[in-house]
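Let me begin by presenting the structure, written as structure tokens, before commenting on it.
Each value in this text was obtained by applying a stated rule to the coordinates, not by laboratory testing. As the structure is a computational prediction, the values presented were derived from the model and not from experiment. Positions of Cβ are backbone-derived with ideal geometry, glycine not excepted, and every protein chain shown enters the neighbour counts.
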Amino acid sequence: MNYILNCMGCHGADGMGAAGRIPSFPGSIGRFMRLPEGRAYLMHVPGASNSVLSDAELADVLNWLLIRFDADDLPADVDWFTADDLSRGRRPALTAVRAERQTIVARLAASGAAPPTDY
């Protein structure tokens with residue numbers, strides 16, 4: 001329900017976002033969990049960081065997104081989000097979202113696990 005109320009308006013029911021403006025989740029979000037900075041990125045994007053959701057609710061939504069839209073791309077030792085993670089690390093929101101995403105995608109590309117770059 002929290003996805004529907006807080007995320008679906010931009011990312012859509014299918015998680016596909018809007019090419020060139022809003023990144024899609026399938027084939028992407030799980031790969032970010034392969035790097036500590038990728039995991040941090042997911043907590044700091046403005047939609048997550050500035051969300052009205054509690055830390056526990058946001059942790060649940062992020063974990064649900066990972067399972068629902070990209071379970072096959074998750075690392076075997078995935079570090080699931082917790083309320084404590086979010087209370088310590090969701091703020092401040094990123095201001096240079098696109099640049100941060102590009103840096104992380106480049107690092108993931110070096111390991112052969114890059115998400116699409118069409119953001």
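Taking other residues whose beta carbon is less than 13 angstrom from the beta carbon of Asp14, and scoring Lys, Arg as +1 and Asp, Glu as -1, yields 0.
Let me check I've understood the local charge: for Leu94, count other residues with C-beta under 15 angstrom from its C-beta, Lys and Arg +1, Asp and Glu -1. What total comes out?
After counting each charged neighbour, the total is +3.
Which listed residue (Met8, Thr103, Ala83) has the Cα farthest towards the positive end of the charge dipole for the chain, taking +1 on Lys and Arg C-beta and -1 on Asp and Glu C-beta about the Cα centre? With unit charges placed on the Cβ atoms, the residue in question is Thr103. Listed values (i) 1.48; (ii) 0.96; (iii) 1.03 include one computed from this model; for Cα Rg over 2.2 N^0.38 Å that value carries the label (ii). Taking a sphere under 15 Å around the Cβ of Tyr3 and counting the other residues whose Cβ falls inside, with K and R at +1 and D and E at -1, yields a net charge of -3.
Which of the three applies to region 68-117, rounded, prolate or oblate, going by the alpha-carbon gyration tensor with a ≥ b ≥ c and a/c under 1.5 meaning rounded? Here region 68-117 falls in the oblate category. Taking the chain as a Gaussian network, Cα atoms linked when under 10 Å apart, which of Arg21, Arg101, Arg31 shows the biggest mean-square fluctuation? Its mean-square fluctuation being the largest, the pick is Arg21.
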